[in-house]
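The values are calculated or read from the model by the stated rules, or taken from the named source; none is laboratory data. On a predicted model such as this, the values are computed, not experimentally measured, just so you know. Here the Cβ is made from the backbone with ideal geometry for all residues, glycine too, and neighbour counts use every protein chain on show.
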């Protein structure tokens, strides 16, 4: 396809998908270097009927590429930015009041929570986006992007005080994405899940060199 180029990411930059459900997986690493892969639902505390079977997206037949921002299906674009990591916390103990526990029929409110350091979540450098989120990214409209994403989340994640906490986390992650975007963006196609990049948008890569053109 003359006139188009595609990125040549290092192995660490290639996203992983599950061979079973064909959806993207989140990658995390423990303090002793053990890497694990989880489905997005598992990261949010939910369950999946099968164990993740990770493989590079280029090795998965017809991968399902959702928007990494609002989770809409059939993402259209790939953006590349600085890698990010965030520490996951594991709950080790919850404290409740005994009287409260009895009055509320075993549904007591949590008084305090103790946590310990967990695996480090590795976000990666490549973010997929639907057309709607891509428009906000192109305009560098951080707050509109956060609002679009929180509006798409289930209410259990944004109810009450949770909304402020979620918006705060998104502000940190998405702020870094917008601040470190590399030039251009790649168009996702069935044949090129890593994105096809137009010449005028792909003048540099992670190493600062011109990207190769396909013949």
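Scan the stretch 132-144 and tell me whether some residue there is in contact with a strand residue (DSSP E or B) (Cβ under 8 Å, 6 or more places away or on another chain), touching a residue at least 40 places away in the same chain (Cβ under 8 Å) and closer than 15 Å to residue 69 by Cα.
Checking the stretch 132-144: at least one residue is in contact with a strand residue (DSSP E or B) (Cβ under 8 Å, 6 or more places away or on another chain), touching a residue at least 40 places away in the same chain (Cβ under 8 Å) and closer than 15 Å to residue 69 by Cα.
Yes or no: residue 103 more than 26 Å from residue 38 (Cβ to Cβ) and either modelled with pLDDT under 65 or assigned by TED's automatic domain parsing to the domain that holds residue 26 (or both)?
Yes.
Name every residue in the stretch 149-179 that is more than 24 Å from residue 17 (Cβ to Cβ), in contact (Cβ under 8 Å) with a residue 12 or more places away in the chain and surrounded by 14 or more Cβ atoms within 10 Å (Cβ to Cβ), in order of residue number.
Of everything in the stretch 149-179, those that are more than 24 Å from residue 17 (Cβ to Cβ), in contact (Cβ under 8 Å) with a residue 12 or more places away in the chain and surrounded by 14 or more Cβ atoms within 10 Å (Cβ to Cβ) turn out to be 150, 163, 166, 167, 171, 178.
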